[in-house]
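Asker: A single structure is presented below for examination.
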Amino acid sequence: MRMPRFFLPLLSACFVAAFVSAGCQKPNENANSNATTTVSPPAVQNLTVVPRPQKIVDLMKARGEQDEAKPALKIATPAKNATINGSTVAVKLDLSGDLKGYQPHKDPATGKGNHIHVILDNQPYEAYYELDQPFELRNVTEGKHTLRVFPSRPWHESYKNEGAFQMVEFTVKGGGDASKPTTTKDGQTMASPTKSPAANQNSKTANANASASPAPTREGKAMAASTAGSVDATKPLLTYSRPKGEYAGDDSDPIMIDFWLSNAKLQGDNGQYRVRYSIDGGEVKYLDKWEPIWLSGWITGKHTVKLELIDKDGNVVDNGGYNSTTREITVTR
Ligand SMILES: [Cu+2]
């Protein structure tokens, strides 16, 4: 085999150079690591759809048949078209159907468990775990409202069977003060009576004295001011569910997009509708099957997620404004 005469010396020169530079790296370790940290990663977010995370696949196996359950909900209160006097609306639900072991409950150790997503008007959902006690929507403003509920899994993926989703309209008279500072302007609750240290203290005192009025033990939340859209329950309706709130650590990538669809079938499910989404006001993408997707590649910081139900001509389907929803989420690591 012929080889150019210069090749061997060149090769050895390269080898020596590589060896020397590798040998040089040790004493310069600090300089090197400084150099790498000053190069910040590009602040460009490239999101890709990835498969269902393995930890959820494992969780599903451990749950047995629960994910094949067909939980059905009924809204016991507020009754359809009820008028509620006062700003606290107690939500009571009846759970039935083919449950296969599905039961909402928060595991005190992990803080996780099956739960119901409860949505007032088109606000972010609240998680409701213990159905033997009502869930209190607090500081609800006067006027007409909608309530939407559906069962969810510990990782917030909704059950999508017939009968899982329910919606009612109701009216509040003498409701909460819209200017009351119980919520921040982005709708996050600052304090709820069951969770504030003061309330805990009160309940301890109440238990000790066994005389004061019963301590609030119900799940509930002070709601941001909102009223119902003019929603037609018989028309196509997209209910935004996930993502919401803050994502940290392991849970911050990938992030699931999930929604409930009523009276509409998507094109990939032999229907005529599509779900359009865009992140941070960027490129629009489409979901043509009613199932969750997981997006990977989030950079830290605040993001907006917009979900819309569109018809075959690409127009948002009008239904009280609920078919186009934008939420802000925060990703930390
Ligand atoms: Cu959830």
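The values are calculated or read from the model by the stated rules, or taken from the named source; none is laboratory data. Remember, it's a predicted structure, so these values are computed and weren't measured experimentally. So basically every Cβ, Gly included, is an ideal-geometry build from the backbone, and we count neighbours across all protein chains shown. Ligands, DNA and RNA are excluded from the accessible area calculation, which covers all protein heavy atoms including side chains. Shrake-Rupley method; radii C 1.70, N 1.55, O 1.52, S 1.80 Å.
Asker: Which residue pairs have Cβ atoms closer than 6 Å, lie 6 or more positions apart in sequence or on different chains, and pair a first residue in region 155-177 that is under 29 Å from Asp253 (Cβ atoms) and within 16 Å of the ligand (Cβ to nearest atom) with a second residue that is in a loop (DSSP other than H, G, I, E, B) and open to solvent by less than 20 Å² (accessible area, probe 1.4 Å)?
Answerer: Matching pairs, first to second residue: Glu157/Pro292.
Asker: Which numbered condition trips up Glu283, out of (1) within 19 Å of Thr48 (Cα to Cα); (2) touching a residue at least 12 places away in the same chain (Cβ under 8 Å); (3) open to solvent by 50 Å² or more (accessible area, probe 1.4 Å)?
Answerer: The number of the failed condition is (2).
Asker: Mind listing whichever residues of region 110-122 are within 14 Å of the ligand (Cβ to nearest atom) and under 18 Å from Met223 (Cβ atoms)?
Answerer: His115, Ile116, His117, Val118, Ile119 - these are the residues of region 110-122 that are within 14 Å of the ligand (Cβ to nearest atom) and under 18 Å from Met223 (Cβ atoms).
Asker: While we're on this one: Could you count how many residues in region 298-333 are in contact with a Pro (Cβ under 9 Å, 6 or more places away or on another chain), farther than 14 Å from Arg276 by Cα and open to solvent by 30 Å² or more (accessible area, probe 1.4 Å)?
Answerer: 1
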